[in-house]
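The values are calculated or read from the model by the stated rules, or taken from the named source; none is laboratory data. In this text, all values refer to a predicted model and were calculated from it rather than measured experimentally. Here the Cβ positions follow ideal geometry from the backbone for every residue, glycine too, while neighbour counts run over all protein chains shown.
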Amino acid sequence: MPFPRRAGVGQPASAGRAKFRDSFPLRVLIQMTLQVQTWGHFVGGKLSAAGGETLDVRNPATGEVIAQVPKGAREDADAALDAARRAFEEPKWRRMDPSERGRILYRLGGLIREKADDLSRLETSNQGKPLRESKADVFYAAQTFEYFAGLCDKIQGDTIPVPGERLDYTLREPLGVTLHVAPWNFPFQLASRSVAPALAAGNTVVLKPASLTPLSAIRLGEIGVQAGLPPGVLNVVTGDGATFGKHLVESTNVDGVYLTGSVETGFQVVQSMGKKLKPFTLELGGKNPNIVFPDANLDNAVKGAALGAFMNAGQMCWAGSRILVHQSVHDAFVEAFKKRVEGLKVGAGNDPNTRLGPLVSAGQRDRVHKYVNVGRDEGAKVVMVGDLPKEGDLGKGAFLTPTIFDAVTPDMRIAKEEIFGPVVGIQTFTDYADAIKQANATQFGLYAGVWTKDLGTAHRAARDLEVGMVSVNEYPVTFPQTPFASAKNSGLGIEQSLYAIDHYTRIKNVSVKLD
Ligand code: NAD
């Protein structure tokens, strides 16, 4: 795997230390140390040298440390914002012929495609997800850059009819320096989803990936420069959320904030905007209902429900973690669903047969595992219980096998809280009104699935569900050209699609008296 240039480790040992190096186990220790590479921040078009405190980056399938990244300090955050500010004011990037800017972004998408194998392996080794899912994420990121590349020369204003001898028109301008705070569940794809429209609109960017999964974002910075982004247009800095991320959000050197993360973090980010008004987009959590009406194609519903609940080991904002099944098809659904889930192979992401990789960390696995006990204590019926494998290869990683609860009621914690792991709850409904009432009974409003052959039921449900996205007869689905929207506490603002551009630009009105 092509790691970026090593910074500060792996220097040849001096001759005077040779006899120690050759002794065991010190020799093994040195070799192990040499394998752990230290990555730098990517600022001003290059990787910074190592120095200061670092964060360990682990492979969740093995628990091994695979790299170290800087535990960003205030000065690192400020330096990245300064680099982005200089690149914005320069103003080569924002004044560039927009079709040229589009060509650079298109090249970036192409380079991601060329490097898809390496990027996918890197993502799987850091995040844990099956390689086929990492590949899908990487291609989706490429497609996102290509989609927004095509928009660069179509970001335009209006002329507005006004009284008198006047010409009134609007300009749509970039905001300036945009800050993108990304989560660990789709590290490369979600960073790209937010960075691509910002760059298309002529902003310059500081990206902070989650501290558990920073590696592919740093690679994105490098690929951006290879594609032709001027230095400082795309900067990537690593560090924790609570202090480093907060400092970035607070900075008056930021002109727009784009968070993808949990509801709690969303509230924190809004509270720590500092002494400058900045537009923001929040893409937050979900507790999404997947509703199976009695006339649904049950085979397809079972397949879609299993994918929706267990893809990425259930660590998805749009996970269909609540399956609402009509009472008349409940038993048949549960039997087929259990059989389907039993067939999902749990294993390391680089095994081609794996369908369920490890969770992102041991901490996340333990947090999710607690919900297995919560569900039992609340009286949900256990159809399949998640286990923490202790033996063999799985014993080393953050693995948790799937849990299916049945007879879940809307008041239970497992029906209301975002578990973010391979735990799904089945609820039963009696009629349409009951389905919608149960579906809407959470603080979240991200995504909903509807399974029915009846057009009236499908479109009525699409209208009545309090969510940002609905899919009918498949789960889940999105494209760079469709809005990733939300309702209630699942977020504010839109990523993807033409609508996203509104969040990365500001409108200026110009009124001209025609003397
Ligand atoms: P998280 O909220 O813990 O962290 C997200 C990012 O925010 C990380 O980079 C983190 O370091 C940073 N952060 C944390 N606290 C911060 C603070 N006070 N100030 C600034 N930055 C801070 O989320 P996570 O655990 O990485 O990801 C899982 C969550 O993300 C889930 O709730 C999931 O539903 C949500 N998510 C939403 C979407 C969406 O599009 N709606 C997509 C993916 C994930």
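List pairs: first residue in the stretch 279-302 and among the aliphatic types (A, V, I, L, M), second residue part of a loop (DSSP other than H, G, I, E, B) and more than 11 Å from the ligand (Cβ to nearest atom) anywhere in the structure, Cβ distance under 8 angstrom, at least six positions apart or on different chains.
Every condition considered, the pairs that remain are Val292/Val329; Ala296/Val329; Ala296/Thr452; Ala296/Lys453; Ala296/Asn473; Leu298/Val329.
Checking Pro422 against (1) surrounded by 18 or more Cβ atoms within 10 Å (Cβ to Cβ); (2) within 20 Å of Arg367 (Cα to Cα); (3) more than 23 Å from the chain's Cα centre (by Cα): exactly one of these is not met. Which one?
Of the numbered conditions (1) surrounded by 18 or more Cβ atoms within 10 Å (Cβ to Cβ); (2) within 20 Å of Arg367 (Cα to Cα); (3) more than 23 Å from the chain's Cα centre (by Cα), the odd one out for Pro422 is (3).
Report, by residue number, each residue of the stretch 275-303 that is surrounded by 16 or more Cβ atoms within 10 Å (Cβ to Cβ), more than 10 Å from the ligand (Cβ to nearest atom) and either of a type in the set (S, T, N, Q) or in a loop (DSSP other than H, G, I, E, B) (or both).
The answer is Lys278, Pro279, Asn290, Phe293, Pro294, Ala296.
I need the full set of residues from the stretch 164-192 which are under 30 Å from Lys135 (Cβ atoms), polar (S, T, N, Q) and surrounded by fewer than 24 Cβ atoms within 10 Å (Cβ to Cβ), in order please. First the steps, then the outcome.
Here is the first cut: in the stretch 164-192, the residues under 30 Å from Lys135 (Cβ atoms) are 178-192.
With the extra rule that they be polar (S, T, N, Q), the set shrinks to 178, 185, 189, 192.
The one that is under 30 Å from Lys135 (Cβ atoms), polar (S, T, N, Q) and surrounded by fewer than 24 Cβ atoms within 10 Å (Cβ to Cβ): Gln189.
Can you find, within the stretch 492-505, the residue that is nearest to Cys152 (Cα to Cα) among those that are touching a residue at least 40 places away in the same chain (Cβ under 8 Å), in contact with a Phe, Trp or Tyr (Cβ under 9 Å, 6 or more places away or on another chain) and not in a loop (DSSP other than H, G, I, E, B)?
Pass one, the stretch 492-505, residues touching a residue at least 40 places away in the same chain (Cβ under 8 Å): 492-496, 498, 500-501, 503-505.
Among the residues that remain, those that are also in contact with a Phe, Trp or Tyr (Cβ under 9 Å, 6 or more places away or on another chain) are: 492-496, 500-501, 503-504.
So of that shortlist, the ones also not in a loop (DSSP other than H, G, I, E, B) come out as 492, 495, 500-501, 503-504.
Values: Leu492: 24, Glu495: 16, Ala500: 13, Ile501: 10, His503: 15, Tyr504: 12 Å.
Out of the qualifying residues, it is Ile501.
Six or more apart or on different chains, Cβ atoms under 7 Å: show the pairs whose first residue is in the stretch 199-211 and over 16 Å from Glu222 (Cβ atoms) and whose second is surrounded by fewer than 24 Cβ atoms within 10 Å (Cβ to Cβ) and polar (S, T, N, Q).
Ala201/Thr505
Taking Lys488, is it surrounded by fewer than 22 Cβ atoms within 10 Å (Cβ to Cβ), touching a residue at least 40 places away in the same chain (Cβ under 8 Å) and at positive phi?
Working: surrounded by fewer than 22 Cβ atoms within 10 Å (Cβ to Cβ): yes; touching a residue at least 40 places away in the same chain (Cβ under 8 Å): yes; at positive phi: yes.
So Lys488 fits the description; yes.
Does Arg132 satisfy the condition of being in contact (Cβ under 8 Å) with a residue 40 or more places away in the chain, outside any strand (DSSP E or B) and over 24 Å from Thr238 (Cα atoms)?
yes
Given the structure, is Val334 over 22 Å from Asp434 (Cβ atoms), among the β-branched types (Val, Ile, Thr) and at pLDDT 95 or above?
no
Filter the helices (runs of 4 or more DSSP H) completely within the stretch 1-102 down to those with at least 2 residues that are among the aliphatic types (A, V, I, L, M), modelled with pLDDT under 70 and out of contact with any strand residue (DSSP E or B) (no Cβ under 8 Å at 6 or more places or on another chain).
Output list reads 26-35.
In the set Ala319, Ala306, which member is within 14 Å of the ligand (Cβ to nearest atom), within 21 Å of Met384 (Cβ to Cβ) and not hydroxyl-bearing (Ser, Thr, Tyr)?
Of Ala319, Ala306, the one residue that is within 14 Å of the ligand (Cβ to nearest atom), within 21 Å of Met384 (Cβ to Cβ) and not hydroxyl-bearing (Ser, Thr, Tyr) is Ala319.
Any residue that is at pLDDT 95 or above and under 25 Å from Ser361 (Cα atoms) - is there at least one of those in the stretch 220-229?
Going residue by residue through the stretch 220-229, those that are at pLDDT 95 or above are 220-229.
Going one step further and asking which of them are under 25 Å from Ser361 (Cα atoms), we end up with 220-221.
Among the residues of the stretch 220-229, at least one is at pLDDT 95 or above and under 25 Å from Ser361 (Cα atoms), which makes the answer yes.
Does any residue in the stretch 306-323 that is assigned by TED's automatic domain parsing to the domain that holds Gly347 come within less than 9 Å, Cβ to Cβ, of a residue that is buried (at least 24 other Cβ atoms within 10 Å of the Cβ) and of a type in the set (Lys, Arg) six or more places away or on a different chain, and which pairs are these?
What qualifies is Met311/Lys129; Asn312/Lys129; Ala313/Lys129; Gln315/Lys129; Ala319/Lys287; Ser321/Lys287; Arg322/Lys287.
Determine whether the stretch 361-376 contains at least one residue that is part of a loop (DSSP other than H, G, I, E, B), surrounded by fewer than 24 Cβ atoms within 10 Å (Cβ to Cβ), touching a residue at least 24 places away in the same chain (Cβ under 8 Å) and under 23 Å from the mean Cα position of the chain (by Cα). So that I can check it myself, show each step before the final result.
Restricting attention to the stretch 361-376, the residues satisfying the condition of being part of a loop (DSSP other than H, G, I, E, B) are 361.
Now restrict to residues that are surrounded by fewer than 24 Cβ atoms within 10 Å (Cβ to Cβ): 361.
With touching a residue at least 24 places away in the same chain (Cβ under 8 Å) added as a condition, the list becomes 361.
Of the ones still in play, those that are also under 23 Å from the mean Cα position of the chain (by Cα) are 361.
Yes.
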